[in-house]
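Before any comments, here is the structure.
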Amino acid sequence: MTFTPESLFGRLDDVQADAGYDDEHPPRMGFFTDTSICIGCKACEVACKEWNMVPDDGFVLSGMSYDNTQSLNANTWRHVAFIEQPVDVPVPEGSGPRPAAAGTDLGMPTVGVPQGLPQINDQEAPSGDGGVRWLMSSDVCKHCTHAGCLDNCPTGALFRTEFGTVVVQPDICNGCGYCVPSCPYGVIDVREGDGRAWKCTMCYDRLKVDETPMCAKACPTQSIQFGELTELRERAQARVEELHDQGVEVARLYGADPEDGVGGDGAFFLLLDEPEVYGLPPDPVVTTRDLGSIWKHVGAAAVGLAALGAASFLGGRR
Amino acid sequence: MAEAHPVGFQWVVEAKKRGAQVIHVDPRFTRTSALADFHVPIRAGSDIVFLGALINHVVSNDLDFRDYVVVYTNAAAIIDERYQDTEDLGGLFSGFDPETGHYDPATWQYAPRPGSDDVPGGEPESEADSGVTGAEARQSHETAVSDTHGSGGPPVPHKPARDETLQHPSCVFQILKRHFARYTPEMVEEVCGVSPEQFRKVADALVANSGRERTAAFCYAVGWTQHSTGAQMIRTASILQLLLGNIGRPGGGIMALRGHASIQGASDVPTLFNLLPGYLPMPHAGLHHDLDSFLAGQEGKAGFWGNVRTYAVSLLKAWWGDAATAENDFCWDYLPRMTGDHSTYTTVKAMIEGDCKGYFLVGQNPAVGSANGKMQRMGLANLDWLVVRDMQMIESATFWKDGPEIETGELETEKIGTEVFVMPAASHVEKSGSFTQTQRMLQWRDKAVAPPGDAMSDLEFYYLLGLKIREKLAGSTDEMDRPLLDLTWDYPLDDEGEIDAAAVLREMNGVGPDGQALSSYTQLKADGSTRCGVWIYCGVYADEVNQSRRRKPHWEQDQIAAEWGWVWPANRRVLYNRASAAPDGTPWSERKKLVWWDAEAGRWTGKDVPDFIADRAPDYVPPEGAKGPDAIAGTDPFIMQTDGKAWLFVSSGLADGPLPTHFEPAESPFHNPLYPQQSNPVSTWVAEETNPLNPNYSDVFPYVYTTYRLTEHHTAGAMSRTLPYLTELQPEPFCEVSPRLAAERGLIHGDWVTIVTARTAIEARVLVTERLRSLRVGDRWVEQVGLPYHWGPNGLVPGDSPNDLVGITMDPNVYIQDKVGTCDIRPGRRPRGPALVTYVEDYRRRAGLGTAHVPGRVNGTEVDEPVDPAVDKDGVHEPEGGEA
């Protein structure tokens, strides 16, 4: 393993090799979540918990549409967001999913649903006006090319697998929590009463035996697709073009670009609106981006300080 | 469909990816709506108006698929000139008897062919001719006989006179046209709350996607079935699909999304009181003295139902084996007989009245899942014994200690004599067996793990119960015990010592004289040489192979995927697929070809198994007097119907009329704008103290409620709200209302609200959401309260059951209840304990329930004047089982 500037930021085509795996390593595996065909059934959430023995997340009626698990966290590794919004524009015929609402709140990125409670309006419009839209999206750990959680883990509990995914080893994690603020998506989380950090493993144990991760296996509409990342990216691009051809201009990919702030996500998405609508950061950047330059600056500063010290020492001799 | 059938919905998503347009008509905006091209919010219970207007649109503008309609449906049939329509009689058809609340369908019959010796419809061919008219019709309707034609239509006495120009004023097409003339887009707006623009969009999409080159499909669920006009709602869609030529063709049809895994199987095999396996009707004590009188009127008619004797005898042979002989009428007398309506809600009433003493609940939780929970629990509390087979301790097993009536004091634990036996059940992964889904497809499951503890499969339970009973009866000389002692109960056991489920499937399939599995129901004989437990399943064990266990992936097969599972009948994937070809036997279009006539080979061929007599040429005309399959013409695709045609107009078999007609739900805030007749005149109301109805047009109950499901829970909740991973997804009972209703009643998102009907009041959290639309109906708004019904007092997150609010008024054909009614909704929690009873009483008093609207028919007995069962002479409700 050689530590290069690319290890921290920018395009990195072979993340496993960068992590030290030899040429024989398997291809990088990933998720492509096509939210345009998500029906919000939450089978992914349940299947994930069943397989990975993740505890329930408490029984709380949130009032945020049909989203009661509310966010990705230590106890919810797949999370289906329900974005329910009034829409005043009429639905163009055959246009597929509804166009973006005007005046979407572009607030700070949060995990979960930005607009839980529907706005009350007078509903003076006649029936069948497409008065509401309901976007559903199954969120998950992005398994970043440049994973802040991994880079900042002091114990080595977080590691890069041979499949290019990022996994916590619970028997090594000491619960320091450094990983939590390191994630630009707010995914990894410390479990209350347990103290250790938990998140999606992309079912590492299943991948080891050539099985599909549970969420993708359970998804009835193939909204969650699992496969080789390069192949998934091609498939996703084709799907976006297909939707554009059908007049769904709002369709776009999120996290598919290897040049983005995290070097591209291992789990990326097709969205029907701006990422903020789904509670996703519009321009995520790995928190260790500047680590290299920080070290350079630190190094330069150290050299400068040393020189200054030497100079003053030498100067003192005069 | 995405909401309640997410797994099936994957194929809708797949179709959409390939360019199909998806339209969703539903009172609420669901997960289906979110994926649909467009959603049409509609007032619950107004579907016949919406669909009827589509029919009107098609027939008034000559948009029907005329070549299909003339030859394949009974559009050309001429009806008895005495027939009078709802147009003539203010919402009633001819033949209505206000005394009994029943129809006599004599005037709905086909007119005889000129020059034939057919008898006019009023005179059946023989005395026992299938209950077409008069007293027999009444008895038939009491026993829901129209529900017993699942694999074919009821027999008609003769083929009709026809006018293929469709111009004769008494031909079905013209009657239909007149009948639906008042179902206009304006009427749709007034009744359904759907704008003419929105209606037009649906109509255009439907018409554009029908015809030679294209087909359209309908999917429905309990949104249609659970209404007092439910069967007719589905009929309306059937008529529309037939007019558009969308039946029997690939990509067409009407798909019933069943309420539960294998509900289709539960009608096929069946668990219904009025059916024997394969839709043979259950015999009636007053009508069917022997096999001959049972089969008279069915046997020998045109079509495959004409072979009914072979099905019935083979069934009796499957059940009683060597004991069934020609001399003893194949043990015909061993079969139980009906004496009237023994449907579920009538049986609950019989429990309350002490006539029903014992009850089995098998995977069913009526205290939560059935309408009028209080009535259910009052019934259960009055039994001698109750057997509950379930995976969880459900409310129907614990009502005696923690039911809502214990809290209010209407029931007292010490005074309940019901002995409850809870028998733990195996889950679907803990047993092998088959599911039959809505496409009539049997799919086999293998057992994955053994059930825990004492839990066992239903099959094993009943097998052992049968052994025990027979052990107790061994040596009995009482004739009454012969049916049990003579049963074929000699099933092989599997490696673990349990009854082998595959052997039961093989018994359903049937065996020939050589003891080998049969491959087709056409092999069945009436002489007792064949045995077959379910004639429509004959072939599922062909070649001694469990065909339902085939799992060849669809990507290794053609589009029909004939090697996945097995579909009755005869592994046909599309029923009546002769209709996918034109009358001359050529496909309607290359794009939609499915089966066609191969003139060279002299056979029907194609991608699917042809649903027709294999070598019957398209130009075959049956000779006069032909019987059974011989009477099917080469252009008669509907081979189970006794005239070979699909029925736009139904001469026999329906309790509430030959054509669908809109009536308001039994509880409605609106007058019926179509007819003076407000609600279904033959709908059935269960007359019981616990089942009062809200008056129509009441200011006290001004809102419409409709119950429904959520993806996250399963029916009455025993399998979901007991599990943390499902409970957390929808952790509390809630209702859904529009922002407008919230403002009107001061309901705050996330807070508690109380919902009230004449039955009871419940509390829930409220979600104020645009997904529930305020609808403009006529000159007023209608507000609908959405009630997911999954909760009850047990489970991880207890709560009130919305089904406690629902009254029992039923479709007269199938005895399924309304899921729609009226209610009030108020902010805050409901009163506790006895105060709840007073609270609801007050509502009833304010609603003036003394003049409650009561549908015409009450459990088959006449109603002289309006009855208010909830209020006694002094106007004070006397809670049953309370302090005397």
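Taking the listed residues B:HIS671, B:HIS749, the one that is within 14 Å of another protein chain (Cβ to nearest Cβ) and surrounded by fewer than 23 Cβ atoms within 10 Å (Cβ to Cβ) is B:HIS749, with no other qualifying. With the structure loaded, tell me whether A:TYR185 is closer than 19 Å to A:ALA19 by Cα and either in contact with a helix residue (DSSP H, G or I) (Cβ under 8 Å, 6 or more places away or on another chain) or in contact (Cβ under 8 Å) with a residue 24 or more places away in the chain (or both) or whether it fails that test. No; evaluated as a whole, the condition is false for this residue.
Here B:ASP630 meets each of (1) surrounded by fewer than 19 Cβ atoms within 10 Å (Cβ to Cβ); (2) assigned to a loop (DSSP other than H, G, I, E, B) with one exception, condition (2). On the stretch given as the range B:14-32, residues that are at the interface with chain A (Cβ under 7 Å from one of its Cβ atoms) and either polar (S, T, N, Q) or in a helix (DSSP H, G or I) (or both) total 2. On inspection, A:ASP56 passes the criterion of being acidic (Asp, Glu), at the interface with chain B (Cβ under 7 Å from one of its Cβ atoms), in a loop (DSSP other than H, G, I, E, B) and over 19 Å from A:GLU211 (Cα atoms). Only a single item in (1) at pLDDT 95 or above; (2) surrounded by fewer than 17 Cβ atoms within 10 Å (Cβ to Cβ); (3) under 30 Å from the mean Cα position of the chain (by Cα) is not met by B:THR438, and it is number (1). Of the residues making up the range B:645-679, those that are closer than 25 Å to B:ASP80 by Cα and either free of Cβ contacts under 8 Å to residues at least 60 places away in the same chain or of a type in the set (Ser, Thr, Tyr) (or both) are B:SER651, B:SER652, B:THR661, B:TYR675. Here B:PRO250 meets each of (1) buried (at least 19 other Cβ atoms within 10 Å of the Cβ); (2) over 13 Å from the mean Cα position of the chain (by Cα); (3) more than 14 Å from chain A (Cβ to nearest Cβ); (4) modelled with pLDDT under 95 with one exception, condition (4). Of all the listed residues (B:VAL70, B:VAL40), the sole one being in contact (Cβ under 8 Å) with a residue 60 or more places away in the chain and surrounded by fewer than 21 Cβ atoms within 10 Å (Cβ to Cβ) is B:VAL70. Just one of the listed residues (B:ASP811, B:ASP779, B:ASP818, B:ASP804) is among the acidic types (Asp, Glu) and touching a Lys or Arg at 6+ places or on another chain (Cβ under 7 Å), namely B:ASP804.
Restricted to the range B:379-460, the set of strands (runs of 3 or more DSSP E) holding at least 1 residues that are touching a Lys or Arg at 6+ places or on another chain (Cβ under 7 Å) and farther than 21 Å from B:ARG506 by Cα comprises B:419-424. Just one of the listed residues (B:VAL682, B:VAL700) is more than 14 Å from chain A (Cβ to nearest Cβ), crowded, with 24+ Cβ neighbours inside 10 Å, in contact (Cβ under 8 Å) with a residue 60 or more places away in the chain and more than 21 Å from B:TRP791 (Cα to Cα), namely B:VAL682. Checking A:GLY247, A:GLY264 one by one, the residue that is in contact with an Asp or Glu (Cβ under 9 Å, 6 or more places away or on another chain) and either surrounded by 20 or more Cβ atoms within 10 Å (Cβ to Cβ) or within 14 Å of chain B (Cβ to nearest Cβ) (or both) is A:GLY264 and no other.
Restricting the range B:757-785 to residues that are surrounded by fewer than 23 Cβ atoms within 10 Å (Cβ to Cβ) and in contact with a Cys (Cβ under 8 Å, 6 or more places away or on another chain), the residue that is nearest to B:MET375 (Cα to Cα) is B:ARG765. Screening the range A:152-175 for residues that are more than 22 Å from A:LEU207 (Cα to Cα) and not polar (S, T, N, Q) and picking the one that is nearest to the chain's Cα centre (by Cα) gives A:CYS153.
Take B:HIS57 and tell me if it is more than 9 Å from every other protein chain (Cβ to nearest Cβ), closer than 14 Å to B:GLY223 by Cβ and not in a loop (DSSP other than H, G, I, E, B). So B:HIS57 does not fit the description; no.
Name the residues in the range B:724-772 that are among the aromatic types (Phe, Trp, Tyr) and assigned to a strand (DSSP E or B), would you? Break it down into steps so the answer makes sense when it comes.
Going through the range B:724-772, the residues among the aromatic types (Phe, Trp, Tyr) turn out to be B:725, B:734, B:752.
Within the range B:724-772, B:PHE734, B:TRP752 meet the criteria.
Taking the range A:20-53 as the range and being at the interface with chain B (Cβ under 9 Å from one of its Cβ atoms) and part of a loop (DSSP other than H, G, I, E, B) as the test, the residues that pass are A:CYS38, A:ILE39, A:GLY40, A:CYS41, A:LYS42.
Counting only helices (runs of 4 or more DSSP H) that sit completely within the range A:209-318, those holding 1 or more residues that are under 30 Å from A:ASN52 (Cα atoms) and free of Cβ contacts under 8 Å to residues at least 60 places away in the same chain correspond to A:229-245.
Please enumerate the residues belonging to the range B:1-13 that are of a type outside the set (Gly, Ala, Ser) and either at the interface with chain A (Cβ under 8 Å from one of its Cβ atoms) or in contact with a helix residue (DSSP H, G or I) (Cβ under 7 Å, 6 or more places away or on another chain) (or both). Answer for the range B:1-13, where residues must be of a type outside the set (Gly, Ala, Ser) and either at the interface with chain A (Cβ under 8 Å from one of its Cβ atoms) or in contact with a helix residue (DSSP H, G or I) (Cβ under 7 Å, 6 or more places away or on another chain) (or both): B:MET1, B:GLU3, B:PRO6, B:VAL7, B:PHE9, B:GLN10, B:VAL13. Among the conditions (1) under 30 Å from B:HIS168 (Cα atoms); (2) touching a Cys at 6+ places or on another chain (Cβ under 9 Å); (3) among the polar types (S, T, N, Q), B:SER46 misses just one, which is (1).
Filter the range B:43-67 for residues that are more than 25 Å from the chain's Cα centre (by Cα) and of a type in the set (A, V, I, L, M, F, W, C); which is surrounded by the fewest Cβ atoms within 10 Å (Cβ to Cβ)? Steps first, please.
Of the residues in the range B:43-67, the ones more than 25 Å from the chain's Cα centre (by Cα) are B:56-67.
Within this subset, residues satisfying the condition of being of a type in the set (A, V, I, L, M, F, W, C) are B:58-59, B:63, B:65.
On the way: B:VAL58: 23, B:VAL59: 25, B:LEU63: 19, B:PHE65: 21.
Ranking the qualifying residues of the range B:43-67, first place goes to B:LEU63.
Residues in the range B:257-288 that are hydroxyl-bearing (Ser, Thr, Tyr), under 19 Å from B:PHE304 (Cβ atoms) and touching a Ser or Thr at 6+ places or on another chain (Cβ under 8 Å): B:TYR279 alone.
If the condition is being surrounded by 14 or more Cβ atoms within 10 Å (Cβ to Cβ), over 36 Å from the mean Cα position of the chain (by Cα) and in a loop (DSSP other than H, G, I, E, B), then the range B:830-850 contributes only B:PRO831.
Selection of the range B:703-736 for residues being within 14 Å of another protein chain (Cβ to nearest Cβ) and hydroxyl-bearing (Ser, Thr, Tyr) yields B:TYR708, B:THR711, B:SER720, B:THR722, B:TYR725, B:THR727.
Residue-wise test of (1) within 14 Å of another protein chain (Cβ to nearest Cβ); (2) in contact (Cβ under 8 Å) with a residue 40 or more places away in the chain.
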residue: B:ILE755; (1), (2): no, yes
residue: B:LEU772; (1), (2): yes, yes
residue: B:GLN784; (1), (2): yes, yes
residue: B:LEU787; (1), (2): no, yes
residue: B:PRO798; (1), (2): yes, no
residue: B:PRO802; (1), (2): no, yes
residue: B:LYS819; (1), (2): no, yes
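The values are calculated or read from the model by the stated rules, or taken from the named source; none is laboratory data. Being a predicted model, the structure only gives us computed values, none of them experimental. In this analysis, Cβ positions are derived from the backbone assuming ideal geometry, glycine residues included, and neighbour counts consider all displayed protein chains.
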